[in-house]
Amino acid sequence: MNLAAQFPSLLPPGIYKIKNENYQPDQSHGLIVYLLQGMTTPDRFYIGVTEDLHERLRKHNAGEVFHTSKFKPWFIKTAFAFRDRERAGAFER
């Protein structure tokens, strides 16, 4: 599944990859571990966990997240969906 096609305003073409091709963003998927990269500061990265990737990226790019506000805008470099909270947390670390 190409999520860049689903969210063209958020994901630059060819950047976003997801491990599970059967992933559907509107399904009950548990948690998403994501890696952001700065658009204007490509040496900056941020790893986080969320249940709503679209909304979380919006907050990062709106400056609503303290740790990422200085280096916005961000794009999603990659993301992985987990059904299990413990596995998502372990993967994030």
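The values are calculated or read from the model by the stated rules, or taken from the named source; none is laboratory data. Everything quoted here is computed from the prediction, not taken from an experiment. These accessible areas exclude ligands, DNA and RNA; they are computed on the full protein's heavy atoms, side chains included. Shrake-Rupley method; radii C 1.70, N 1.55, O 1.52, S 1.80 Å.
Values computed for the structure shown
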{"read-out": "Karplus 3J(HN,Hα) series, Hz, for the range 78-86 with 6.51 cos²θ - 1.76 cosθ + 1.60 (x for Gly, Pro)", "value": "7, 8, 9, 9, 10, 7, 10, 4, 5"}
{"read-out": "Net lengthening on full extension, Arg93/His67 (0.36 nm per residue, minus Cα-Cα)", "value": "7.7 nm"}
{"read-out": "Amide proton proximity set for Thr78, modelled H, under 5 Å, gap of 5+", "value": "Leu35"}
{"read-out": "Accessible surface, the range 32-93, averaged per residue in Å² (probe 1.4 Å)", "value": "64 Å²"}
{"read-out": "Amide proton proximity set for Thr41, modelled H, under 5 Å, gap of 5+", "value": "none"}
